[in-house]
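Peer 1: The structure under discussion is supplied below as structure tokens; questions concerning it will follow.
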Amino acid sequence: MSSVRPKLKPETPKAVTGWATPTGLSVWLTADGAWTEDAAELAVFTGEEAEARLAAALKQEAVVTDPYFMEVTADGKITGRETLRESMRAEPALSFGGGA
């Protein structure tokens, strides 16, 4: 099941994000196809590569839940319409189950 999110243009830099199925923690796709809880390690995708990465992520239900595109800058900084929400997800101390 997925939420409705803003459609990003193909040329817009984006990351693939979701929630780790076993833990519910926020995760991001890295350049090598692994998932990380550290937003600083996310990979930036555009165009057909982005679509292919999201399609592959959607088939990894045992690993990641509800993967989707998140707008980022070319150097991987969170930006766009969902900046506040995505910044909160990227901050471990603010994430559900994270922090001290």
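Peer 1: Kindly indicate whether G18 is within 11 Å of the chain's Cα centre (by Cα) and in contact (Cβ under 8 Å) with a residue 12 or more places away in the chain.
Peer 2: yes
Peer 1: Separate question: Scan T65, T36, T46 and give me the residue that is farther than 12 Å from T17 by Cα, touching a Ser or Thr at 6+ places or on another chain (Cβ under 9 Å) and surrounded by 13 or more Cβ atoms within 10 Å (Cβ to Cβ).
Peer 2: T46
Peer 1: Looking at segment 46-64, which of its residues are assigned to a loop (DSSP other than H, G, I, E, B) and β-branched (V, I, T)?
Peer 2: Hits for segment 46-64 are T46, V63.
Peer 1: Would you point out the residue of segment 30-41, among those that are part of a loop (DSSP other than H, G, I, E, B) and at pLDDT 95 or above, that is nearest to the chain's Cα centre (by Cα)?
Peer 2: Taking the candidates together, the pick is T30.
Peer 1: Within segment 73-90, does at least one residue satisfy the condition of being modelled with pLDDT under 90 and touching a helix residue (DSSP H, G or I) at 6+ places or on another chain (Cβ under 7 Å)?
Peer 2: Yes: segment 73-90 contains one or more residues that are modelled with pLDDT under 90 and touching a helix residue (DSSP H, G or I) at 6+ places or on another chain (Cβ under 7 Å).
Peer 1: Next question. For segment 51-62, which residues satisfy the criterion of being modelled with pLDDT of 95 or more and either within 12 Å of the chain's Cα centre (by Cα) or open to solvent by 70 Å² or more (accessible area, probe 1.4 Å) (or both)?
Peer 2: E51, R53, L54, A57, L58, K59, A62
Peer 1: Name the single residue that is farthest from L8 (Cα to Cα) among those in segment 19-29 being assigned to a loop (DSSP other than H, G, I, E, B) and among the β-branched types (V, I, T).
Peer 2: My answer is T23.
The values are calculated or read from the model by the stated rules, or taken from the named source; none is laboratory data. Keep in mind that this is a model prediction, so the values were computed, not measured. Neighbour counts run over all protein chains shown; Cβ positions are idealised from the backbone, glycine included. Only protein heavy atoms, including side chains, enter the accessible area calculation; ligands, DNA and RNA are left aside. Shrake-Rupley method; radii C 1.70, N 1.55, O 1.52, S 1.80 Å.
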